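Everything on this sheet refers to the single structure shown next.
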Amino acid sequence: MNDCTVDGCIRPAEDFVCRTHQDELRVALRDLADDLLTELNVTRWRLSRSTANTGTVSRSATSALMFHATASSLADTAANSLRAWAREVHADQPELRHPGSAATPRELAGWLSLFVGRISVMPDGGQLADEVIWLAKEVRKVIDTQPMNRFLGICSTLNDDREPCEADLYAPPDKAFVQCRECGSLHDVEERRRILLNAVGSQKGTVTELARALPDLLGRPISVESVKTWVRKGQLIPAGRNERGHSLFLVDDLVALVITKQTRRRGKVTLTVVSA
Ligand SMILES: [Zn+2]
Ligand SMILES: [Zn+2]
């Protein structure tokens, strides 16, 4: 029996990773594959914020982007790490069929979760376990927020010492005003939403990502089907492609289109009422 090679672990291991860490690794990989990575992506678009310390922030728009950077960089770290480890496991055990170079981070995590026993006999197994268990924990931290409430940025109201309030603002979807729990100041929900929307205008996303994320900022639902129709009709033009070849669209373009359509529909309703 050796010592487990996961940093700081003194449990005995048959090869390089103890039983406990094998179990933890399997759970971490399955969770990443099942929903953690998806949630991370949604969170980054919702601009939700964890309790992570982001330092002194004076404007909510800035803080929204800062959070976006945190979630994005964690998503990148996860993708790079899973890709590198899948390559290493495959190099060590070439008889396993690699999921392919186009596999998503979720697919890679799912693939790795099938081979925890094999990973535990690799000299680098402890390092892999350490890194993946840490990753899953970090992703959970970032997405752990009140899902029913919309994140509306950081309060930023100046106190008596002219210091901006650092409390996060969350409001249920149907509220017009939200009161800060820290300093008690009142904020207009629509106005906060507009600030966040301005902050993400130049961001890009796939049809699915935008349809899932924008309702929180716009305050009204958007169906994936309508967005796809606008793309087919050429009303919404792609602004790039992601690494999987999916078209990416500008938040600003989609928001402008949604607002134009809603205004036109409302205009029609008014006319009908007037003529009747
Ligand atoms: Zn261990
Ligand atoms: Zn406040």
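Quick notes on this structure:
Okay, residues lined up against (1) assigned by TED's automatic domain parsing to the domain that holds residue 72; (2) within 16 Å of ligand 2 (Cβ to nearest atom); (3) in a strand (DSSP E or B):
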{"site": "161", "(1), (2), (3)": "no, yes, no"}
{"site": "178", "(1), (2), (3)": "no, yes, yes"}
{"site": "183", "(1), (2), (3)": "no, yes, no"}
{"site": "187", "(1), (2), (3)": "no, yes, yes"}
{"site": "193", "(1), (2), (3)": "no, no, no"}
{"site": "209", "(1), (2), (3)": "no, no, no"}
{"site": "212", "(1), (2), (3)": "no, no, no"}
{"site": "215", "(1), (2), (3)": "no, no, no"}
{"site": "222", "(1), (2), (3)": "no, no, no"}
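- Out of 96, 114, 135, sole residue that is assigned by TED's automatic domain parsing to the domain that holds residue 21, closer than 13 Å to residue 28 by Cα and in contact with a helix residue (DSSP H, G or I) (Cβ under 7 Å, 6 or more places away or on another chain): 135
- Filter result for the condition that a residue is of a type in the set (Gly, Ala, Ser) and assigned to a loop (DSSP other than H, G, I, E, B), over 101, 81: 101
- The residues listed here are 166, 131, 107, 95; of these, the one that is of a type in the set (D, E, K, R), modelled with pLDDT of 90 or more and not in a helix (DSSP H, G or I) is 95.
- Residue 227 meets the conditions (1) of a type in the set (A, V, I, L, M, F, W, C); (2) outside any helix (DSSP H, G or I); (3) more than 28 Å from residue 160 (Cβ to Cβ) in every case but one. The failed one is (2).
- Note on the range 181-207: residues that are surrounded by fewer than 18 Cβ atoms within 10 Å (Cβ to Cβ) and at pLDDT 80 or above amount to 9.
The values are calculated or read from the model by the stated rules, or taken from the named source; none is laboratory data. Bear in mind that the values here come from a model prediction, so they are computed numbers and not experimental data. Backbone-built Cβ (ideal geometry, glycine too); neighbour counts: all protein chains shown.
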